[in-house]
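As structure tokens, the structure follows; a few thoughts come after it.
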Amino acid sequence: AVVSTQSTGEIALTNPGVCVVGVDREEVNTRGGVERNRLMEKQWRPLHQKLHPDLSAQKDPLNHYHPITMEISSEHIRSDFVSLVAAEDDRGRIDPNRDTMLIGLHACGDLTSLLLQTFLKCPSLRSVVSIGCCYHLITQTKQTDYFLSPSEHKKKLSDPTSIHAFPMSRFLQENLIFFSRNALNLAQQAPERMARSGTLPAQNLFFRAVFQVLLTEQFPGPISMNVGHSATKASDFVSYTRAALDKLKLSTSLSDEEISSYLRRFEGTEQRKLVVFYQLRTLLTRVIEHVILIDRVLYLADNNVTARAIRVFDPVISPRCYAIVASK
């Protein structure tokens with residue numbers, strides 16, 4: 001049996017007899033997974049019958065995919081995890097006594113940490129495959145930055161009872177290894193994709209850097225600087241600045257010409273330096289990501305489980321391409 005935190009019905013399609021339970025926290029995603037699986041089965045069934053004509057007359061359904069809606073949290077780090085999942089299946093199709101694999105396909109933020117801890121806790125879970133993503137949402141035992149706007153994640157960071165996802169291993173905990181939020185954001189970059197396309201977000205990056213200078217000079221004192229994506233579609237720096245100031249609820253008496261003078265001040269050499277800095281910074285993406293991956297492998301080793309970090313996707317197509325794989 002397979003318990004997956006995302007819609008992975010293709011496992012059931014290509015492995016007849018394997019029961020796959022897709023778990024998602026949002027009902028709309030659960031329904032989407034059902035429809036996606038229906039379309040895949042429509043394409044796969046004729047091919048399967050052609051390859052295995054002796055099995056085409058069997059009454060058992062080819063597709064053993066069972067989606068349920070459930071949010072996995074720290075409350076599920078328990079020995080009867082599979083039984084809890086089975087209780088959510090109103091048709092009783094899940095046998096909690098069967099050996100089960102736990103899969104996290106692009107497990108966001110702390111979810112990989114929760115899955116690994118659950119894997120160790122629950123005897124029925126015999127193997128785990130987890131591909132992490134959204135490293136910027138990871139909680140750490142030591143926070144080095146504050147968030148500039150209220151959010152559920154900020155509340156979680158300040159909650160001393162929350163499960164912190166980094167560092168997990170004894171080695172990194174003893175050596176006080178942690179990352180700034182900027183570093184975790186950097187771990188989200190896609191260097192291979194940038195190398196393949198040969199492009200960089202030069203204009204918006206430059207606009208944001210120049211706007212930062214404008215903010216510090218025109219609005220001294222503590223203010224929010226979280227511009228977000230509200231100004232990314234601006235065609236010129238004046239439009240960008242106006243949109244960003246609206247986002248921050250700030251007003252200025254600067255004319256369009258005065259705003260443009262900020263851009264001219266840094267064009268040329270300083271702009272090229274920024275692009276070079278961005279390229280050098282991007283080279284650190286995999287370094288930070290690999291520290292997070294190694295920490296998770298070491299955590300399993302601390303608990304006498306052999307694990308590996310294996311690249312399973314083309315990084316150009318899926319930048320988060322490494323899976324933590326372990327069995328017991």
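The values are calculated or read from the model by the stated rules, or taken from the named source; none is laboratory data. No experiment lies behind these values; they were computed from the predicted model shown. Neighbour counts are summed over all protein chains in view; Cβ atoms, including those assigned to glycine, are modelled from backbone coordinates with ideal geometry. Note: accessible area is taken over every heavy atom of the protein model, side chains too, but ligands, DNA and RNA are not part of it. Shrake-Rupley method; radii C 1.70, N 1.55, O 1.52, S 1.80 Å.
Here are a few things to note about the model shown:
- Mean projected area (nm²) of the alpha-carbon convex hull when region 208-312 is viewed from all directions: 10.5
- Each peptide in 24-30, 75-81, 238-244 was scored by the mean count of other Cβ atoms within 10 Å over its residues; highest first, the order is 238-244, 75-81, 24-30.
- Summing +1 for each Lys or Arg and -1 for each Asp or Glu among the other residues whose beta-carbon sits under 11 angstrom from that of residue 135 gives 0.
- Solvent-accessible area per residue for region 232-294 (1.4 angstrom probe, square angstrom): 62
- Fully extended contour minus Cα-Cα distance, from residue 282 to residue 236, at 0.36 nm per residue: 14.0 nm
- Residue-count net charge about residue 285 - beta-carbon cut-off 12 Å; Lys, Arg +1, Asp, Glu -1: +2
- Formal net charge of residues neighbouring residue 211 (Cβ-Cβ distance under 13 Å; K, R +1; D, E -1): +1
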